[in-house]
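**Student:** Structure below; questions to follow.
We did not get these values from a lab; they are worked out from the coordinates using the rules stated. In this text the structure is predicted, and so the values were computed from the model without any measurement. No Cβ is skipped: glycine too gets one built from the backbone with ideal geometry, and neighbour counts run over all protein chains shown.
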Amino acid sequence: MTKVVGVRFKDTGKTYYFDPCGIDCKKGQVLVVETAKGIECGTAQSDVKEVEDDEVVAPLKPVKRIATEEDLKIIEENRAYEKDALVVCAEKIKDHNLEMFLTDAEYSFDRTKIIFYFTADGRVDFRELVKDLAAYFRKRIELRQIGVRDESRLLGGLGICGRPFCCSTFLDDFHSVSIKMAKDQGLSLAPGKISGTCGRLLCCLKYEQNSYEYLNKITPRKGAVVDCREGRGTVVDVSILTGMLKVQLDKSPEGLPVSVNRSEVRVVKKGNFDNSKEKSSND
């Protein structure tokens, strides 16, 4: 077992493990840590805890200290500098006539580097822009092209459900989502119904997928031939969540289907449900 503290550098995103180095870190505290990119500040997502050795990528980087008042002041100043940097970079992009949309700017804790995040339809030659920005700020400049999902996470907003985006509130990472999930859950396949504001498939399709996969395994499909209390018949309608089936009895093909629970039938012949795999959408 290894003692670690989980640290997140943005409000959402991945949580990284660090060696507390004997410091009594508490959830919610701002910590100064050493990273591969230098000294950075992040928020503790948990108290110091023990995890299995195979969950840790060795060697762990250390926690330097709990952020002091001076450290917190630097962080606040950096937030102000980032707003100014966004304005300057947007003007420079316009000057260079580049087809790119600037979404965010990020100062390193020690202010030696600025990272600008942008979206674009294709590849962008921003070499001259980097030179111009480096000459203006006299710092290391890095431009990162991000996808539409990352853009939504950075900018935030409201989803079609009326709640704030999952990706900008609590999701640690983006998970694989596919059309197959929408099919399994009996949802409309209209793009407007199952797509988020980013234009990609809704992240929430993943949340209940395991439950639907289990229910689909134990529930007869449309077209299945089953034996029930009233006799043998064919399943003509299915409610996956409630487990209720509508069965058209062989002895009364013109009559109304009977409603039975999946636990009350025996499958004689499986239905021809097309559960073909679809390409996932993760970008």
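**Student:** Going through segment 7-58, which GluC sites (Glu not before Pro) have at most 10 other Cβ atoms within 10 Å and a DSSP loop state? Mind showing how you got there, number by number?
**Tutor:** Working: sites: Glu34, Glu40, Glu50, Glu52, Glu55; in loops: Glu52.
Answer by residue number: Glu52.
**Student:** Oh, and also: If packing is taken as the mean number of other Cβ atoms within 10 Å per residue, what is the order of 78-84, 217-223, 115-121, highest first?
**Tutor:** Details: 78-84: 13.0, 217-223: 15.3, 115-121: 17.4.
Packing order, densest peptide first, comes out as 115-121, 217-223, 78-84.
**Student:** Under 10 Å, Cα contacts only: if you run a Gaussian network model on the chain, which one of Val87, Val148, Val258 comes out with the highest mean-square fluctuation?
**Tutor:** Maximum fluctuation in the GNM of the chain, among the listed residues, is at Val258.
**Student:** Against the longest principal axis of the chain, how steep is helix 69-95, in degrees 0 to 90 to the nearest 10, with axes from Cα atoms?
**Tutor:** On a 0 to 90 degree scale, this one is about 80.
**Student:** If I model a spin label at Glu52 and Tyr136 as a point 7 Å from the Cα along the Cα→Cβ vector, what separation in nanometres do I get?
**Tutor:** 5.0
**Student:** If you don't mind, there's one more thing I want to ask. Calculate one ³J(HN,Hα) per residue across segment 142-156 by plugging θ = phi - 60° into the Karplus curve 6.51 cos²θ - 1.76 cosθ + 1.60, and present them in order as whole Hz with x for glycine and proline.
**Tutor:** The phi angles translate into 10, 10, 10, 7, 10, x, 5, 5, 5, 4, 4, 4, 6, 7, x Hz.
**Student:** To the nearest 500 deg cm²/dmol, what mean residue ellipticity at 222 nm is calculated for the chain from DSSP H runs of n ≥ 4 alone, each contributing -39,500 (n - 2.57), summed and divided by the residues?
**Tutor:** On the way: 6 runs with 66 residues, N = 283.
Only helices count here, giving -7000 deg cm²/dmol.
**Student:** Report the FRET efficiency, 1/(1 + (r/R0)^6), for Leu155 and Lys217, where r is their Cβ-Cβ distance and R0 is 51 Å, rounded to 0.05.
**Tutor:** Details: r = 39 Å, r/R0 = 0.77.
After rounding to 0.05, the efficiency reads 0.80.
**Student:** Another question, then. If amide H atoms are built 1.01 Å from N in the plane of the peptide, which residues on other chains or at least 5 residues away come under 5 Å of the amide H of Arg221?
**Tutor:** Those qualifying (amide H under 5 Å, at least 5 residues apart or on another chain) are Gly271.
**Student:** For segment 125-184, which chymotrypsin sites (Phe, Trp or Tyr not before Pro) are in a loop by DSSP, counting at most 11 other Cβ atoms within 10 Å?
**Tutor:** Phe170
**Student:** Can I ask one more? Take the Cα gyration tensor of segment 72-146, multiply each eigenvalue by 5, square-root it, and list the three semi-axes largest first, rounded to whole angstrom.
**Tutor:** Values: eigenvalues 93, 31, 22 Å².
One finds semi-axes of 22, 12, 10 Å for segment 72-146.
**Student:** Got a sec to turn the phi values of segment 133-140 into Karplus ³J(HN,Hα) couplings, 6.51 cos²θ - 1.76 cosθ + 1.60 with θ = phi - 60°, whole Hz, x for Gly and Pro?
**Tutor:** Result, ordered by residue: 5, 5, 5, 6, 8, 6, 9, 5 Hz.
**Student:** Post the alpha-carbon centroid distance, segment 212-234 to segment 57-77, in whole angstrom.
**Tutor:** Cα centres, segment 212-234 to segment 57-77: 58 Å.
**Student:** Could you give the nm distance between label points at Asn97 and Asp125, where each point is 7 Å from its Cα heading toward the beta carbon?
**Tutor:** My value for the distance between the label points is 1.3 nm.
**Student:** Listed here are the pairs Lys83/Lys139; Lys14/Lys92; Lys27/Lys193; Lys183/Lys246; which of them are more than 28 Å apart at the Cα?
**Tutor:** On the way: Lys83/Lys139 16 Å; Lys14/Lys92 31 Å; Lys27/Lys193 38 Å; Lys183/Lys246 20 Å.
Those over the limit are Lys14/Lys92; Lys27/Lys193.
**Student:** Here is a follow-up. In percent, what relative contact order does segment 2-67 have, based on Cα pairs under 8 Å that are 6 or more apart in sequence? It would help to have the intermediate numbers written out before the result.
**Tutor:** Details: 143 pairs, mean separation 27.7, N = 66.
In percent, rounded to a whole number, it is 42.
**Student:** Given N residues in the chain, what is its alpha carbon radius of gyration divided by 2.2 N^0.38 Å?
**Tutor:** On the way: Rg = 26.8 Å, N = 283, 2.2 N^0.38 = 18.8 Å.
Normalised Cα radius of gyration, the chain: 1.43.
**Student:** May I pose another question? How do the peptides 19-26, 180-187 rank, highest first, by the average count of neighbouring beta carbon atoms within 10 Å per residue? Intermediate results must be reported in sequence, preceding the final value.
**Tutor:** Details: 19-26: 16.1, 180-187: 17.8.
Highest mean packing first, the order is 180-187, 19-26.
**Student:** Please give me, ordered by residue number, the GluC sites (Glu not before Pro) of segment 88-123 that lie in loop per DSSP and have at most 13 other Cβ atoms within 10 Å. Write out the running numbers ahead of the final one.
**Tutor:** Details: sites: Glu91, Glu99, Glu106; in loops: Glu99.
When the GluC sites (Glu not before Pro) of segment 88-123 are filtered for loop state and at most 13 Cβ neighbours within 10 Å, Glu99 remain.
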